[in-house]
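S.K.: This is the structure I want to talk about, given as structure tokens.
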Amino acid sequence: MYCVRNINEDLYWVGVNDHRLTLFENIHPIPKGVSYNSYLLLDKKTVLFDTVDWSVCRQFMENVEHLLDGRPLDYMVINHVEPDHGACITEMLSRYPQVKIISTEKATEMMYQFGYPIDGHTDVLKEGDTRSFGKHTVTFVAAPMVHWPEAMVTFDVTNGVLFSADAFGSFIALDGKLFNDEVNYDRDWIDEARRYYTNIVGKYGPHVQRLLKKASTIDIKTICPLHGLVWRNNLGYFLDKYDKWSSYEPEEKGVMIAYASMYGNTENAAQVLATSLAKKGVTNIELFDVSNTHVSYLISEAFRMSHIVLASVTYNLGIYPVMKNFLMDMKALNVQNRTFGIIGNGTWACKSDELMRNFVENELKNSTVLDPTVTLTSTLNDLKAPDIEALSDSLVQSIQA
Ligand code: FEO
């Protein structure tokens, strides 16, 4: 049975929800699912904006065929070629052999790379070009590296709808809802939207900033992303989040404590620090065991918080592997402009303190490490307790500055 929703007079959501996929991009857990959004415009000409993942192609085809109701599909606008959006192109070509594919030169090149039989179907555009479909005229804005180099966004100048590709997307399946005002966004969606942005597009902040600058020159009324909710009001809320995330400014003042502990002793130091901070009035404290928390959640939190404490045991004379993975991921995703605290532990040769400090100071842009670095020998004791208190004082002072 088809499952579609109307966005406005002649634009429809024809996407599909996916609760079967456990790992997005085969790496990020998605316990609440994800949607692959595709949009169909029924104008004088019929236009499909992007397709969906191959795993949900059957439902997608049913949606499109229901709305076309026997009409041919005239155009496909391909904003983003990544297979979670482009995998059904071949199937569309076989069902609608006269369809023209409107996309950038780079996207066209990539469609050939993926083996899509697009010969004779291509309509290659440049930024600023327009296409008219009857009542609706659209223009195209290049969005390289948001999230792949071929990406573009499409703006319908007739009614202010922006087809934003991966920008402004989110994890979480829609499950009947479609618009931002149909959910409690702050309660149920923002954390997964942040985790989606930071892990998928987080590395490309400067490119997102460039796109935001271009977007500020057009009168956007509705945002239709490739994953998650359609935004039809309160756009400033989400644009502001994107501005913060893409400029690597902390979203909130607060302390994230990420600890790597083998037998609970480093964990105890993290708990004592958290308790000290709370006693001194810090209200925004989150504690994570890096061994039991997928790194995508840690990254999301690192983008949210102004202060990050890394507490790690030493392992093979290095940083505990799971903590090291978190550090490497922070570097890969360009985490910067943060203030760190360091706690190292080692029973006979503590190295993690010095190694983590060096990593933060040399590998994460514009980030500082507060004094003192706390070095433990096996466990926190009365001798070392003042060091934790001193680190807590430094964190409080820095947050209040
Ligand atoms: Fe959902 Fe970059 O694709």
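S.K.: Are any residues in segment 201-215 among the small types (Gly, Ala, Ser) and either modelled with pLDDT of 95 or more or not in a helix (DSSP H, G or I) (or both), and if so, which ones?
M.R.: Step one: filter segment 201-215 for residues among the small types (Gly, Ala, Ser), giving 202, 205, 215.
Scanning segment 201-215 gives 202, 205.
S.K.: Being more than 26 Å from residue 306 (Cβ to Cβ) and open to solvent by less than 10 Å² (accessible area, probe 1.4 Å) is the requirement here; does residue 230 meet it? Walk me through it before giving the result.
M.R.: On the way: more than 26 Å from residue 306 (Cβ to Cβ): yes; open to solvent by less than 10 Å² (accessible area, probe 1.4 Å): yes.
It is true that residue 230 is more than 26 Å from residue 306 (Cβ to Cβ) and open to solvent by less than 10 Å² (accessible area, probe 1.4 Å).
S.K.: Sticking with this structure for a sec: Hey, can you tell me all the residues within segment 379-401 that are open to solvent by 40 Å² or more (accessible area, probe 1.4 Å) and outside any helix (DSSP H, G or I)?
M.R.: Across segment 379-401, the qualifying residues are 379, 381, 382, 383, 384, 401.
S.K.: Determine which single condition residue 175 fails, assuming it passes every other condition in (1) in contact with a His (Cβ under 8 Å, 6 or more places away or on another chain); (2) more than 15 Å from the ligand (Cβ to nearest atom).
M.R.: Answer for residue 175: the failing condition is (1).
S.K.: Would you please name the residue that is surrounded by the most Cβ atoms within 10 Å (Cβ to Cβ), looking only at residues in segment 107-140 that are among the small types (Gly, Ala, Ser) and away from the ligand (no atom under 16 Å from the Cβ)?
M.R.: Here the answer is 134.
S.K.: Does any residue in segment 141-163 that is within 15 Å of the ligand (Cβ to nearest atom) come within less than 6 Å, Cβ to Cβ, of a residue that is open to solvent by 10 Å² or more (accessible area, probe 1.4 Å) and of a type in the set (S, T, N, Q) six or more places away or on a different chain, and which pairs are these?
M.R.: 150/104; 152/104
S.K.: State which residue is surrounded by the fewest Cβ atoms within 10 Å (Cβ to Cβ) when the search covers only segment 167-208 and only residues that are farther than 19 Å from residue 300 by Cβ and in contact with a strand residue (DSSP E or B) (Cβ under 8 Å, 6 or more places away or on another chain).
M.R.: 175
S.K.: Could I ask something else about it? Just to verify a result, which residue in segment 356-378, among those that are exposed (fewer than 14 other Cβ atoms within 10 Å of the Cβ) and either free of Cβ contacts under 8 Å to residues at least 24 places away in the same chain or not assigned by TED's automatic domain parsing to the domain that holds residue 268 (or both), is farthest from the chain's Cα centre (by Cα)?
M.R.: The selected residue is 371.
S.K.: Just checking, how many residues over segment 313-355 are in a helix (DSSP H, G or I), touching a strand residue (DSSP E or B) at 6+ places or on another chain (Cβ under 8 Å), closer than 28 Å to residue 399 by Cα and open to solvent by 20 Å² or more (accessible area, probe 1.4 Å)?
M.R.: Number of matching residues: 4.
S.K.: Okay, next question. So, in segment 50-65, of the ones that are over 20 Å from residue 131 (Cβ atoms) and within 15 Å of the ligand (Cβ to nearest atom), which residue ends up most open to solvent (accessible area, probe 1.4 Å)?
M.R.: 54
S.K.: Let me ask another. For segment 281-300, check the following and say yes or no: at least one residue is open to solvent by less than 10 Å² (accessible area, probe 1.4 Å), within 28 Å of the chain's Cα centre (by Cα) and closer than 21 Å to residue 368 by Cβ.
M.R.: Within segment 281-300 (the criterion being open to solvent by less than 10 Å² (accessible area, probe 1.4 Å), within 28 Å of the chain's Cα centre (by Cα) and closer than 21 Å to residue 368 by Cβ), the answer is yes, since at least one residue qualifies.
S.K.: Let me ask something else. I'm trying to understand the selection: among the residues of segment 224-244, which are within 21 Å of residue 142 (Cβ to Cβ), hydrophobic (A, V, I, L, M, F, W, C) and within 16 Å of the ligand (Cβ to nearest atom)?
M.R.: 224, 226
S.K.: Would you point out which residue out of 213, 203, 221 is within 14 Å of the ligand (Cβ to nearest atom) and among the basic types (Lys, Arg)?
M.R.: Only one candidate qualifies: 203.
S.K.: State which residue is farthest from the ligand (Cβ to nearest atom) when the search covers only segment 66-98 and only residues that are small (Gly, Ala, Ser) and buried (at least 18 other Cβ atoms within 10 Å of the Cβ).
M.R.: Initially, segment 66-98 is screened for residues small (Gly, Ala, Ser), giving 70, 86-87, 94.
From the residues that got through so far, the ones that are buried (at least 18 other Cβ atoms within 10 Å of the Cβ) too are 86-87.
Working: 86: 9, 87: 11 Å.
Among those residues, the one meeting the criterion is 87.
S.K.: Please give the number of the condition residue 212 fails out of (1) out of contact with any strand residue (DSSP E or B) (no Cβ under 9 Å at 6 or more places or on another chain); (2) open to solvent by 60 Å² or more (accessible area, probe 1.4 Å); (3) more than 30 Å from residue 285 (Cβ to Cβ).
M.R.: Residue 212 satisfies all of (1) out of contact with any strand residue (DSSP E or B) (no Cβ under 9 Å at 6 or more places or on another chain); (2) open to solvent by 60 Å² or more (accessible area, probe 1.4 Å); (3) more than 30 Å from residue 285 (Cβ to Cβ) except (2).
S.K.: State whether the residues of segment 29-49 include one that is of a type in the set (Gly, Ala, Ser) and either surrounded by fewer than 21 Cβ atoms within 10 Å (Cβ to Cβ) or more than 21 Å from residue 174 (Cα to Cα) (or both).
M.R.: Checked segment 29-49: at least one residue is of a type in the set (Gly, Ala, Ser) and either surrounded by fewer than 21 Cβ atoms within 10 Å (Cβ to Cβ) or more than 21 Å from residue 174 (Cα to Cα) (or both).
S.K.: Related question: Before we move on, is residue 306 touching a residue at least 60 places away in the same chain (Cβ under 8 Å), assigned to a helix (DSSP H, G or I) and not aromatic (Phe, Trp, Tyr)?
M.R.: No: the conditions fail for residue 306.
S.K.: Quick one: is residue 91 under 30 Å from residue 299 (Cα atoms), charged (D, E, K, R) and at pLDDT 95 or above? Break it down stepwise before answering.
M.R.: Numbers: under 30 Å from residue 299 (Cα atoms): no; charged (D, E, K, R): yes; at pLDDT 95 or above: yes.
Against the criterion (under 30 Å from residue 299 (Cα atoms), charged (D, E, K, R) and at pLDDT 95 or above), residue 91 does not qualify.
The values are calculated or read from the model by the stated rules, or taken from the named source; none is laboratory data. It should be emphasised that the depicted structure is a prediction, and the values quoted were computed from it without experimental measurement. Ideal geometry is used to build each Cβ from the backbone, glycine not excepted, and the neighbour counts take in all protein chains shown. Only protein heavy atoms, including side chains, enter the accessible area calculation; ligands, DNA and RNA are left aside. Shrake-Rupley method; radii C 1.70, N 1.55, O 1.52, S 1.80 Å.
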